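Please read the structure below before turning to the comments.
Read-outs throughout are calculated quantities, based only on the coordinates presented, and are distinct from any laboratory measurement. Keep in mind it's a predicted model, so treat the numbers as computed, not measured. Here the Cβ positions follow ideal geometry from the backbone for every residue, glycine too, while neighbour counts run over all protein chains shown.
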Amino acid sequence: APQLRAVPPPVFPCHPVPWEAPISGAMSWSRLAVGLWGSLLLPGLAADPGLELLPRSGGGRPFPPVERMYDAQRHAMEEIREAARTASAAARPKLLEMLDSEAFRGRLRDCCAASGIAEWPAERLLGTLHENVNSAELVHNFENSHSGLTLEVLLNNVTDYLPTSWQMIYLGYYGPVLPSFGHPSSPADASEEGVYRLQPFSQPHDLPGSYEEASGRAQYVALNMLRVDTGNPAFGNVTAVMSPSYWDAIAAAPVDTGLYTFKCNETYMNTSGSRHVPMKVPIECADITPGVAGAMDHALLNNQLMWSKLDVLGHLFSRWYGHNETYTNISSPHIITYIESNILANVHFEDHGIKLLVGAFAPLFGTPRGQLLQQVAQRKGIALAWALGEGVVHMSMDSMNKTKPWRSSARMLDLTVAEPAGLNVSVSAASRAAFEGLWKSVAAERGPAGELSQAKARSLWASMVAEIPAGQVSVPAPGVCSDWSRCIGAAPHGECVCYRSERLEGFFV
């Protein structure tokens, strides 16, 4: 396997140079480029057979059983924990100083005067950040139009876990395993071995030589601290929300590691054979050391430093405490500032390892693919909700340029799935009939290719909220529910929507 994969030291000469994205089919950063910017700037990539999942109805071998964690993942987490504790302790005074600065307090006075948070001690502000880390959803988005996991793979192949890209590559879901899937064409190995300290694969081009090797890497996950109802929408129209029980296997890098590799990893950038597609993104280079449960201060600090032009911390507090939509709404670029909180384990469906699926309303509700999502949720016993997001079928340059398209909105439970999934919700016949009627109404409003204008999507969503108000469920926030491993949010009257247990009382929708 190639040896030039080391991550450079944490101090870099940062200049305004283009971000470079790979031509590669399965990793998080290529899906980012294809999902958010690819259809705008890289239309030719969709014709590359190396980028297409083969085929939508299946196409690969069955998924063998896997362990929750393999030795490679355990050893990596041990090293990361040790480094994270040291880095977090060193970063804490700097983070407190930033939170206590007059510039930051001025930002809080502008956005959130009514809440009084501008006068909170820095320690309390930091405590609020910690609380939001703990309650924030762990989201993995999929089901886009170019590459990655599809609903058919989950429906037509017997698997009790959420497949990773490496597992799908090894089993042939992208066709024959090509050298371009490995190093140096793809930055995956540079990120996973350099940032996440995972062991190199055994085959040429740093490709996996066994299914255990392929299963010993990471599930790509974003920490949804901005409480975006559609999760991490640049990566797909379906959000899988992981259980917080996986925090023991989470390594939280302060920035998308694909962006970091192409902007800051000079060893990778200077490696012969790496592929580059110029693209600008306002990221600065800082320490990439991942955080872990209980040791996240350096990840929070470096997330702010790397995205300093977008003022991540300021937007987090204004999103949570802003006194009107001028401050609580966000624009598309802020969604990409997530902390990449990858799970160095295999995420099993049992015990609600995936506790919620969320479908994007405009692309999927009332469509055949929306029905496939309902089938996946029913077969896997997972709760399903719908989210408006920005309310467009396809992300476009026009939608990206809108100033504040992302509201802070509740989701809507899928009332055909809530009871079969085992939620503490009893659905009345009238509510279910209303939900099914709205499904048909949305389907009837679509054009021949599924088109639905943003204005119409927002109007139909408002109709759903008006007809079934009790079906809404909030995005998690601190202090709302006591057990986020079983609960998915709160209903409008404050009841926590959770998987049933002897301790939980149900309520009617």
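Computed quantities for the displayed model
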read-out: Computed label-point distance, nm, for sites Ala443 and Arg74 using a 7 Å Cα→Cβ extension; value: 5.0 nm
read-out: Percent antiparallel among DSSP beta bridges (both partners in segment 407-509, rounded to 5); value: 75 percent
read-out: Among the listed pairs Lys380/Lys456; Lys309/Lys456; Lys94/Lys263, those beyond 28 Å (Cα-Cα); value: Lys380/Lys456; Lys309/Lys456
read-out: Positive-pole candidate from Gln374, Pro420, Trp406, dipole of segment 335-435, charges at beta carbon; value: Trp406
read-out: Efficiency of FRET from Cβ geometry, Ala429 and Glu97, R₀ 51 Å, rounded to 0.05; value: 0.30
read-out: Amide hydrogen neighbours beyond the local backbone of Phe349, cut-off 5 Å, H modeled; value: Tyr161, Leu162
read-out: Mean Cβ neighbour count within 10 Å, used as a protection proxy, ranking 95-103, 218-226 highest first; value: 218-226, 95-103
read-out: Ala295 long-range amide H proximity, modeled H, under 5 Å; value: none
read-out: Calculated from backbone phi, Karplus (6.51, -1.76, 1.60) coupling profile of segment 422-427 in Hz, x at Gly/Pro; value: x, 6, 7, 10, 9, 9
read-out: Burial ordering of Glu212, Glu193, fewest other beta-carbon atoms within 10 Å first; value: Glu212, Glu193
read-out: Under Karplus coefficients 6.51, -1.76 and 1.60, residue-wise ³J(HN,Hα) of segment 480-492 in Hz, glycine/proline x; value: 7, 10, 8, 9, 6, 6, 10, 9, 10, x, 10, 6, x
read-out: Amide H within-cut-off set for Asp256, under 5 Å, with H built and near neighbours excluded; value: Glu340
